[in-house]
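Engineer: Please see the structure below; I have some questions.
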Amino acid sequence: MPDERPNWARRMVEERTVRGWSQLDAVRALMVRLPGDQEILEQDLLRQWKRWEAGETKPTKYRSEIAQTFGTTTGAFFPEPGRRDGRAEILRVSGMDTVDIVARLRASDVDSATLDGLRITVDRLCCEYAYMPADQLLTEGRAWLARVVGHKHQRVTLAQHRELIALAGQLSLLVGCVEYDSGLTRDAEATRQAALILGEEAGEPGIQGWAHEMRAWFALTRNDYRGVIAAAEAGIAVAPTESVAAQLYAQKAKAWARLGDRTQTEVALERGRELLESLPYPESVEHHFVVDPEKYDFYRMDAYRKAAEDRQAESLAHQVIRAGTDFDGTERAPMRIAEARVTLGVVAARDGDLDSALAFGELALQGDRRSLPSLAMVAGDLGHVLQARFPHAPEAAEFVAQLRRLREPH
């Protein structure tokens, strides 16, 4: 019989179970995080907890404290519904489609409607990063970047010039990410540096922060963990209150986890979580340069996999897959899901289940939309465990060989 409870109710059970807590243990952990001026009886809260886990009622008053109890964000534990159709938004806001926008740019007719349409176009491309084929997104992103950069030298107002510079900076970030996904590492670094300069020229700390985040990401996939920390700290310094800072803290956590420092890993994760909790829920959770609260489970999954906290990593991997899959089975976050499947493969391999480990690994490598450097790095964890646990299994050796081919230059 299928479990028809809401996802948050099932998650409360899973998070509690992987920690080995009883319901009373969970209630006591929650009570520590409640405001001190509230007089709440333990047994009353226990009765509420049981109703929450059964899905009979939904928490309202204590959502943020429940999320904090399990080390994640309120938005990840209790996500808000709603998605935005970027193409429809262009027409709704500006009354123009792509052809109209390009025509106006060519005619040097930059009015507020043109800028609105251009801004929403850039947002749409950033939202399509997760699932649009890389070659298609790269072609379209480069084309729009050329249009915007070519137009910023035309006769426009100071405010319009600054906005065009900022849009060019966002497009540079996007193009650089897709270039790196595609194995074009030198192109990606040059584009990242261009984005940093554009962010500085536009006075946009968020763009600058993301340029530093890209540097941290590049360093992480090269196993330069001290470089990750340096880049993250530079980004946090320039954009301490932007959502990118949460991702920079996450990159630090990944680096510290790989350096074997559990304390610094937890400190970085907690600082990122606290920052996300202080920010309003994003209007578009699909925008690549907006850190949606659900993504923090993805960060934690990586850190716990590296720390060999298998049960928590496994639980978070399942959550990442659920959060990234629509009701009809469409994967709207295929790259996150691929890494979650690798995590499940690592846990299975550590548990001695070779067949499941290989099945998860093969499934992770099959996706059409993937970031080659990131996937190769994460899948390498599975390769190492397979070599250690199954040194004489030919199927494991073949999968490891497949991973080596994935790392070859493209």
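Engineer: So, restricting to helices (runs of 4 or more DSSP H) that lie completely within the stretch 309-410, which ones have at least 1 residues that are crowded, with 16+ Cβ neighbours inside 10 Å, within 25 Å of the chain's Cα centre (by Cα) and touching a residue at least 60 places away in the same chain (Cβ under 8 Å)? Before the answer, list the steps.
Structural biologist: Values: elements: 310-323, 334-350, 354-365, 372-389, 394-407.
Counting at least 1 such residues, we get 310-323, 334-350, 372-389.
Engineer: Give all pairs with beta carbons closer than 8 Å in which a residue from the stretch 189-214 that is on the phi > 0 side of the Ramachandran plot meets a residue that is surrounded by fewer than 20 Cβ atoms within 10 Å (Cβ to Cβ) and modelled with pLDDT under 95; count only pairs at least 6 apart in sequence or on separate chains.
Structural biologist: Filtered contacts from the stretch 189-214: GLY203/ARG162.
Engineer: Next question. Kindly establish whether GLU189 is farther than 30 Å from ASP368 by Cβ and in a helix (DSSP H, G or I). Break it down into steps so the answer makes sense when it comes.
Structural biologist: Numbers: farther than 30 Å from ASP368 by Cβ: no; in a helix (DSSP H, G or I): yes.
It is false that GLU189 is farther than 30 Å from ASP368 by Cβ and in a helix (DSSP H, G or I).
Engineer: Return only the number of the condition from (1) under 18 Å from ALA376 (Cβ atoms); (2) surrounded by fewer than 20 Cβ atoms within 10 Å (Cβ to Cβ) that GLU179 does not satisfy.
Structural biologist: It fails just one condition, (2).
Engineer: Just the residues that are closer than 24 Å to CYS126 by Cβ and assigned to a loop (DSSP other than H, G, I, E, B), please, taken from the stretch 288-308.
Structural biologist: Answer for the stretch 288-308, where residues must be closer than 24 Å to CYS126 by Cβ and assigned to a loop (DSSP other than H, G, I, E, B): HIS288, PHE289, VAL290, VAL291, ASP292, PRO293, GLU294.
Engineer: To continue, here is another question. Exactly one condition in (1) at pLDDT below 90; (2) farther than 28 Å from THR185 by Cα is false for SER315; which is it?
Structural biologist: (1)
Engineer: I'm told GLU309 meets every condition in (1) modelled with pLDDT under 95; (2) over 25 Å from GLN247 (Cβ atoms) except one. Can you identify the failing condition by its number?
Structural biologist: Condition not satisfied by GLU309: (2).
Engineer: Hey, does the stretch 220-243 have a residue that's within 29 Å of GLU283 (Cα to Cα) and basic (Lys, Arg)?
Structural biologist: Looking through the stretch 220-243, none of the residues is within 29 Å of GLU283 (Cα to Cα) and basic (Lys, Arg).
Engineer: If ARG226 satisfies all but one of (1) crowded, with 23+ Cβ neighbours inside 10 Å; (2) basic (Lys, Arg); (3) at pLDDT 95 or above, what's the number of the condition it fails?
Structural biologist: Checking ARG226 against (1) crowded, with 23+ Cβ neighbours inside 10 Å; (2) basic (Lys, Arg); (3) at pLDDT 95 or above, the one that fails is (1).
Engineer: So, in the stretch 236-267, of the ones that are of a type in the set (S, T, N, Q) and part of a helix (DSSP H, G or I), which residue ends up surrounded by the fewest Cβ atoms within 10 Å (Cβ to Cβ)?
Structural biologist: From the stretch 236-267, those of a type in the set (S, T, N, Q) are 241, 243, 247, 251, 263-265; that's our starting set.
Imposing the further condition that a residue be part of a helix (DSSP H, G or I) reduces the set to 247, 251, 263-265.
Values: GLN247: 26, GLN251: 27, THR263: 8, GLN264: 16, THR265: 23.
It comes out as THR263.
Engineer: Under 23 Å from ARG11 (Cβ atoms) and surrounded by fewer than 20 Cβ atoms within 10 Å (Cβ to Cβ), is that true of GLU233? Step through it out loud before you land on a result.
Structural biologist: Working: under 23 Å from ARG11 (Cβ atoms): no; surrounded by fewer than 20 Cβ atoms within 10 Å (Cβ to Cβ): yes.
When the stated conditions are applied, GLU233 does not pass them.
Engineer: In the list ARG16, ARG119, which residue meets the criterion of being at pLDDT 85 or above, under 28 Å from the mean Cα position of the chain (by Cα), part of a helix (DSSP H, G or I) and under 30 Å from VAL156 (Cα atoms)? So that I can check it myself, show each step before the final result.
Structural biologist: Numbers: ARG16 fails: under 30 Å from VAL156 (Cα atoms).
Of ARG16, ARG119, the one residue that is at pLDDT 85 or above, under 28 Å from the mean Cα position of the chain (by Cα), part of a helix (DSSP H, G or I) and under 30 Å from VAL156 (Cα atoms) is ARG119.
The values are calculated or read from the model by the stated rules, or taken from the named source; none is laboratory data. In this text, all values refer to a predicted model and were calculated from it rather than measured experimentally. Glycine gets a Cβ as well: all are built from the backbone with ideal geometry, and neighbour counts include every protein chain shown.
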